[in-house]
Amino acid sequence: MNRCVRLIAILAIAGCSQPSEPPLGPSLERSSDSRSEATASAAVMYWNQAATDVVGAMNLPIPLPPMPESRIYAMTAGAVHDALNAIVPRYRQYAYQDRAPRQVNAAAAVAGAVEAILRPVVVAAAADPVFPNPNPGQVLDQAWHSFLATIPDGPEKAAGLALGNAAAAAMLARRANDGSGGAGLAPYSGTGVPGAYRPTPPFGFDPDYLTGLADAQTWGSVRPFAIPSGAAFRSGPPYGTEDPSVAVRRLRYAADFNEVKALGGATSHRTQEQTDIALFWMENSPRGWNRVAQILGARRRLDGWQLGRLFALLHFAEADAYITSLESKYHYKFWRPITAIRFADQDNNPRTAADPAWDVLTSTFGVPTPPVPEFPSAHATAGGAAAAILEATFGRVEFSMSSTTLPGAVRTFRSIGAAARENAESRVFIGYHFRHATEVGLDQGRRIGQFVVRNGLPRN
C-alpha cells in the first residue's frame, strides 16, 4: 500500500489524538499497606492513565484507530478488574477465575496486569516493518520502573506481579482469535446506486469513486466483550429503508444533506462555537470518555475495586460499540456526505444540489473523511455507550473536561447526557455525518451501554 495513503487513512480514523494529560487521582507514595482501598485506587488510576499514555505514544508516526484502541483499553481494564477481585472477590470476575494467595500486594497486581497486556502491543509497534515506533515501549518502561519503586520488595510484591500476569494471560487467551487480526484498509467496490457507499477521497481509484479502499470491513464480526454479537444491537436502516436509492429521495435526507453541506465543509460559515465543538470532540472516543471517567471517579473518591469495575464496564461498552457500529455500517453501506454532496446530481432528489469541490472541515489540515460507510455514526455510538455506563455510576452531574484535539479548551457540561449529545452533533459540524446517523448512533450506543450495565460484572 502507498505509504502516504496508509498514513492519511489512519490519521482520518484516529482523529489526530495526541499524548494525554498528566495522571489524575491520588499520588503514589511508598507504602506497605498492600491491600488498602486507597493504595489500590491510586494504582488503578495511575495505570489507567499509563495505558492511555502508551497508546498516545503510538500516535506518531501513525495514530491508532479507535477500534483497536478500544480493544486495548478493554483488555487492560478487564485484567485489572480480575486481578483485584481475585484478591477481594467483590464483583464477578471476567476472564481470570482463580483466587489470590492471602499475602499479595494489590498495587503490584494492577501493575502486572496492565504491563502484561501492553507489552505485546509495544513490541509489535517497535517491530512494525513500515513505521517502527519504539516510543510506546519507552513510555511503558518509564511508567513501570517508576511505579515499582513505590512498592517495597518482598513476597507480597512478587505475588502481586504474578497475579497480575496471570489475570492478563487469561484475558489474552480469551481474546485470542477474536477476529480483530484482519482489520485494516482493503479493496472495496461500490455499486454506483445513489446513496450506496463509495470509497471516499483520497481512497477512490477512479473519477466516480466506485473502486478504492475501505477500512475495518470485518470489524463488525469481531467477538464482543459483553454483548451477544455485533448484530444484536444493529440499528434500523437509514431514513427508514434498506434501499439507499429510496433513502436519498426522502425529505429528512434532503434536510440533513443541506445541513451538513452548510455547516460541515472546509469553507462553511459555522459559528466559532460549532468549529470548537467539531475539533474538541475529534479525538478518539475511548480516550475522551476515559478522561471523563477519571475526572468523576476521582471526584467521587471511588476505591480501587469500584474504579476497576468502572473502567472495565466503560471500555467493554466502548469496544462493543465499535463492533456494533461497524456491523451496522457494512450491513447498510450508506454513502458519506463528501460523496453524497459531490455526486448529488445522481440522487434524483430535487432538494439537493451537487458541489464537486466540497470537502470536510478537517481537510484544511490534511485529514479526510474516515474511509468507512456513514450510517450510523460510530463516534456517536461510542458516546452513547459511555454515557449509559457513566450515568449508572454517577447519575446527573456537572463536569468540565479538556481534549487533546483542541488544546487549551475546557468545556463544561450540565450532565453526562449533554456531553454525549454534543459529541454526536460534532460529527455534523466536522462534515463526517448526516444528523440522522448521529441520532441513531447515540441511541444505539445507549442501548449497548444499558445492556452492559445490567449484565456486566455484577456484585458477588
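Highest-first packing order for the peptide set 88-97, 103-112 is 103-112, 88-97, based on the mean count of other beta carbon atoms within 10 Å. Estimated at the nearest 10 Å², the accessible area of L60 is 110 Å² with a 1.4 Å probe. Kindly express, to the nearest 10 degrees and within the range 0 to 90, the angle between helix 416-429's C-alpha long axis and the longest C-alpha principal axis of the chain. Between the helix axis and the principal axis of the chain, the angle is about 40 degrees. Centre-to-centre separation between the Cα atoms of segment 253-272 and those of segment 446-460: 37 Å. Between the amide H of T218 and those of G184, distances stay under 5 Å, these residues lying 5 or more places away or on another chain, with hydrogens modeled in the peptide plane.
So, R0 is 41 Å and r is the distance between the beta-carbons of T211 and L251; what FRET efficiency does that work out to, to 0.05?
E between T211 and L251, to the nearest 0.05, is 0.80.
Taking the helices alone, the chain has a mean residue ellipticity at 222 nm of -17500 deg cm²/dmol, built from -39,500 (n - 2.57) per DSSP H run of at least 4 residues and averaged over all its residues. Each residue of segment 209-226 is assigned a 3J(HN,Hα), and the resulting list reads 6, 9, 10, x, 10, 9, 9, 6, 5, 10, 5, x, 9, 4, 5, x, 8, 9 Hz, derived from the Karplus form 6.51 cos²θ - 1.76 cosθ + 1.60 (θ = phi - 60°), x at Gly and Pro. Only Lys, Arg, Asp and Glu carry charge here, each on its Cβ (+1 for the first two, -1 for the last two); on that basis the chain has a dipole of about 920 debye about its Cα centre.
Were the residues from A176 through D345 laid out at 0.36 nm apart, the gain over their Cα-Cα distance would be 56.1 nm.
For T211, the residues 5 or more places off, or on other chains, whose built amide H falls under 5 Å of its own are G190, F205, D206. In degrees from 0 to 90, rounded to the nearest 10, what is the angle of the helix 285-300 Cα long axis to the longest principal axis of the chain? Tilt relative to the chain: about 40 degrees. Calculated accessible area for segment 198-300 comes out at 38 Å² per residue, all protein chains present (probe 1.4 Å; ligands, DNA, RNA ignored). Taking packing as the residue-averaged number of other Cβ atoms within 10 angstrom, the listed peptides 74-81, 254-261, 267-274, 453-460 run from highest to lowest as 74-81, 254-261, 453-460, 267-274.
Put a plus charge on the Cβ of each Lys and Arg, a minus charge on the Cβ of each Asp and Glu, and nothing anywhere else: the dipole of segment 394-460 about its Cα centre is then about 240 debye. Report which label in [x] 41, 37, 24; [y] 40, 21, 20; [z] 44, 24, 19 holds the value of semi-axes √(5λ) of the Cα gyration tensor in Å derived from the coordinates of this structure. So the calculated entry is the one marked [y]. Could you work out the relative contact order of segment 103-190, using alpha carbon pairs under 8 angstrom and six or more residues apart, expressed as a whole percent? This gives 47 percent for segment 103-190. The slack in the chain from L148 to R414, taken as 0.36 nm per residue of separation less the alpha-carbon distance, amounts to 91.9 nm. What angle do you read, to the nearest 10 degrees and between 0 and 90, between the alpha-carbon axis of helix 251-263 and the longest principal axis of the chain? In the chain, helix 251-263 runs at an angle near 70 degrees to the longest axis.
If R0 is taken as 30 Å, the Cβ-Cβ distance between Q103 and R299 corresponds to a FRET efficiency of 0.35.
Counting protein heavy atoms only, the chain has 54 percent of its accessible area on carbon and sulfur, 1.4 angstrom probe. 3J(HN,Hα) couplings calculated from phi for segment 355-363 with the Karplus curve 6.51 cos²θ - 1.76 cosθ + 1.60 (θ = phi - 60°) are, in sequence order, 9, x, 9, 5, 9, 6, 3, 6, 5 Hz; Gly and Pro show x. At 1.4 Å probe radius, can you tell me the per residue accessible area of segment 343-456 in Å²? Averaged over the residues of segment 343-456, the accessible area is 34 Å². For segment 350-364 versus segment 314-338, the inter-centroid distance based on Cα atoms is 23 Å.
Reported to the nearest whole Å, the Cα centre-to-centre distance from segment 150-169 to segment 72-111 is 11. Note on segment 46-132: dipole from Cβ charges, positive end direction compared against M67, V121, Y94; the farthest Cα belongs to Y94.
The values are calculated or read from the model by the stated rules, or taken from the named source; none is laboratory data. All values derive from a computational prediction rather than experimental measurement. Using ideal geometry, Cβ is built from the backbone for each residue, glycine included, and neighbour counts are taken over all protein chains shown. To get the accessible areas, we keep the full protein, side chains included, count just its heavy atoms, and leave off ligands, DNA and RNA. Shrake-Rupley method; radii C 1.70, N 1.55, O 1.52, S 1.80 Å.
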